[in-house]
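For reference, the structure is listed below as structure tokens.
The values are calculated or read from the model by the stated rules, or taken from the named source; none is laboratory data. Source: prediction; values computed, not measured. Here Cβ is always computed from backbone atoms with ideal geometry, including for glycine, and neighbour counts include all displayed protein chains.
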Amino acid sequence: MEYVRLDAQERAIALGTARKGFRGQVVSVLPVPGAGRLAADEMERRLIEMGFIEGAEVEIVHEGPIRRDPIAIRVGTATVALRRRDALAILAG
């Protein structure tokens, strides 16, 4: 039997698709062009400033009442609210 090792990025999911209670570590921040109102590089900069850096512990602690949007994400000791479309840029696993 041969074992295949998946790297962290292949196992990661976008935080915008995760449900309340999801816990993981940030693998990367890869903004999706056109997903939000900001340019991709500006969105990446803002997410990094909020604490979404590689290795940061994250947990989805709340989902909004309408279409589960926005979501509240605990990053380290801070809690940040993001639109799901913006959270699609954050890969965690």
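Descriptive notes on the structure:
- For region 82-92, the condition of being in contact with a strand residue (DSSP E or B) (Cβ under 6 Å, 6 or more places away or on another chain), of a type in the set (Lys, Arg), part of a loop (DSSP other than H, G, I, E, B) and closer than 16 Å to ALA14 by Cβ holds for at least one residue.
- Screening region 25-47 for residues that are more than 10 Å from the chain's Cα centre (by Cα) and not in a loop (DSSP other than H, G, I, E, B) and picking the one that is modelled with the lowest pLDDT gives ALA40.
- Per-region count, region 8-24, residues loosely packed, with under 14 Cβ neighbours inside 10 Å and either among the hydroxyl-bearing types (Ser, Thr, Tyr) or modelled with pLDDT of 85 or more (or both): 5
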